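Below is one structure, written out as structure tokens, with a few remarks after it.
Here, each number is a calculation from the coordinates, and none is a lab measurement. Quick caveat, the model's predicted, so the values are computed rather than measured. Ideal geometry is used to build each Cβ from the backbone, glycine not excepted, and the neighbour counts take in all protein chains shown.
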Amino acid sequence: MKYSTLHALIVTTAIFISVSTAHAQEKDGMKTGFLEKTIAVNQGEQRYVLYLPDNYSAEEAWPLIVFLHGAGERGDNNVSQTNAGIGNAIRKDPSRFPAIVLMPQCPKEQVWATCHDALDAELAETLKTYNIDSSRIYLTGLSMGGYGAWLWGAIHTDTFAAIMPICGGGDPLAIQKLLNTGGGNPYGSHASRLRALATVPIWAFHGGADGVVPPEGTRQMVKEIKARGGDIQYTEYEGVGHNSWDKAYQESKGIEWLLKQKKG
């Protein structure tokens, strides 16, 4: 979805934004930190958190990272998705994340494959409200969110400058299971997604001892994208189980690499 198309969603989607300051602080009249927000789309109210660095200023364009959480953080409290993965890494060392970070929350009993309209609207609203560098928008996710990053990222390669999936497979059978929701398939075929993913830089991570989402799924995605000429690298942590995200988000070069990528 192109930058202009994302903005057009604001015209066609009924949107209501509210902000809670439970995780925010105020500096020079600007609320920063973890801002809780809600947005009304056709499926109903959806919740998300937006992280603004303390030194955010609308005078400059900022990179944007979109983070998709795992299955355990689903719900409507609009907090859980900040407590695992990138949110924890930010709290440990905010200086490593000189970016705005969008953290949607997937409702219970749903998966990211069924939330694409809400994701599109949240991204569009963020682009409308804040000064975002449109050439530096990134996508990452863990576990269920890793699946989501492979999937949603494949249909938005004109938006994302790079993708970082963590412990989420992308094989056709697993993706098809996510899509068996009765809502149709807006994502195209597995082959078409692979062709699209080969056009954007990717760094994938997985634990070699993951018994929840076996690493073979990520290995196969890497192999197939490489076969199509894709710019993809892969880090597998030997002996690490399902929680490979703590290591990945604390990887000294991972976020640094992500933020260096630029469209065009």
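The distance linking region 205-241 with region 138-163 is 15 Å (Cα centroid to Cα centroid, whole angstrom).
Computed extension length for R228-K260: 9.2 nm, one decimal, from 0.36 nm per residue of separation with the Cα-Cα distance subtracted. For N88, put the label point 7 Å out on the Cα→Cβ axis and report which residues of region 182-217 keep their amide N under 12 Å from it. Residues passing the 12 Å test: none. Across region 41-86, Cα-Cα pairs more than 12 Å apart make up 71 percent of the total. Placing a pseudo-label 7 Å from each Cα along the Cα-to-Cβ vector at E109 and T199 gives an inter-label distance of 3.8 nm. Distance between the 7 Å Cα→Cβ label points at S95 and A71: 3.9 nm. Fully extending the segment from K128 to E45 would add 28.0 nm, taking 0.36 nm per residue of separation and subtracting the current Cα-Cα distance.
Net charge in the neighbourhood of A154 (other residues with Cβ under 10 Å of its Cβ; Lys, Arg +1, Asp, Glu -1) is +2.
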